[in-house]
Amino acid sequence: MADKKRILFVCLGNICRSPAAEGIMNHLIEQEKLTAEFKIDSAGLYGGHAGELPDRRMRIHASKRGYDLTHRSRPVKPSDFDDCDVIVAMDNNNYSSLKNLAPTIEAEKKIVRMIDYIHSFPYQHSVPDPYYEGAEGFELVLDMLEEGCRNLLESLKEGS
Ligand code: 4NP
């Protein structure tokens, strides 16, 4: 069987947005019986939360939708650019930081923006950081990520 397609979701702290995206995408690939074809991971550009579970608020909001978030925060590492096939930035700062870290042109080409897979939130230019927001900020992020993950998975299935 061909190697699994590896998707890495990246945000700043790796405790809110990217582990939520990882949980949603894992849920989708399980539903669609695609676990043999995809490997999902997440990481952060700021390592200050390394080893932590996702933010408690995000775990609570996600669990109400059926997502169990168990990832432990870790920083992006140089080997990610080799190991992953698609690297998904949650916002434009994440995107610029990843572009700066990419060791090769080939690695740079792997980096995409999550917002480019989200079409129902025209006033949003990125997946917004919910860390300093209330409950509605976490719900918005989950709404956006559910749409983005579905569209991203469709595009990767088509492109396989
Ligand atoms: P995330 O949210 O990037 O979606 O995980 C954040 C979490 C923590 C911090 C910033 C953003 N922080 O600065 O500690």
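Points to keep in mind about this one:
- With all protein chains kept in place, the per residue accessible area of the chain amounts to 51 square angstrom at a probe of 1.4 angstrom.
- Amide H to amide H distances under 5 Å link Phe9 with Asp41, Ser42, Ala43, Val88, where only residues 5 or more positions off or on other chains count and H is placed in the peptide plane.
- Rounded to the nearest 500, the helix-only mean residue ellipticity at 222 nm of the chain stands at -12500 deg cm²/dmol, with each DSSP H run of n ≥ 4 adding -39,500 (n - 2.57).
- Among the listed pairs Lys39/Lys109; Lys5/Lys64; Lys64/Lys109; Lys4/Lys109; Lys64/Lys157, those beyond 25 Å (Cα-Cα): Lys5/Lys64; Lys64/Lys109; Lys64/Lys157
- For the stretch 144-152, Karplus couplings with θ = phi - 60° (6.51, -1.76, 1.60), whole Hz, Gly/Pro x: 5, 5, 4, 5, x, 5, 4, 5, 4
- In this structure, Phe121 and Asp83 have a Cβ-Cβ separation that, at R0 = 30 Å, corresponds to a calculated FRET efficiency of about 0.45.
- Calculated FRET value between Asn92 and Ile60, using beta carbons and R₀ = 25 Å, to 0.05: 0.35
- Shape call, the stretch 85-160: gyration tensor on alpha carbons, a/c limit 1.5: oblate
- In a reduced charge model with +1 at each Lys and Arg Cβ and -1 at each Asp and Glu Cβ, the stretch 7-160 shows a dipole moment near 300 debye about its Cα centre.
- Computed over protein heavy atoms with a 1.4 Å probe, the carbon and sulfur contribution to the accessible area of the chain reaches 49%.
- Tensor-based shape of the chain (alpha-carbon gyration tensor, a/c under 1.5 rounded, otherwise prolate or oblate): rounded
- Entry note, the chain: relative contact order of 25 percent, from Cα contacts under 8 Å with a spacing of 6+ residues.
- The packing ranking of peptides 129-138, 82-91, highest mean first, is 82-91, 129-138, where packing means the average number of other beta carbon atoms within 10 angstrom of each residue.
- Ranked from largest to smallest solvent-accessible area, with a 1.4 Å probe on the protein heavy atoms, Ile7, Ile115 come out as Ile115, Ile7.
- Most positive-pole-ward Cα, Met114, Tyr67, Asn100, against dipole of the stretch 51-156 from beta carbon charges: Tyr67
The values are calculated or read from the model by the stated rules, or taken from the named source; none is laboratory data. This one's a predicted model, so the numbers in the text were calculated from it and none came from an experiment. Neighbour counts run over all protein chains shown; Cβ positions are idealised from the backbone, glycine included. The accessibility values were calculated without ligands, DNA or RNA, using every heavy atom of the protein model including side chains. Shrake-Rupley method; radii C 1.70, N 1.55, O 1.52, S 1.80 Å.
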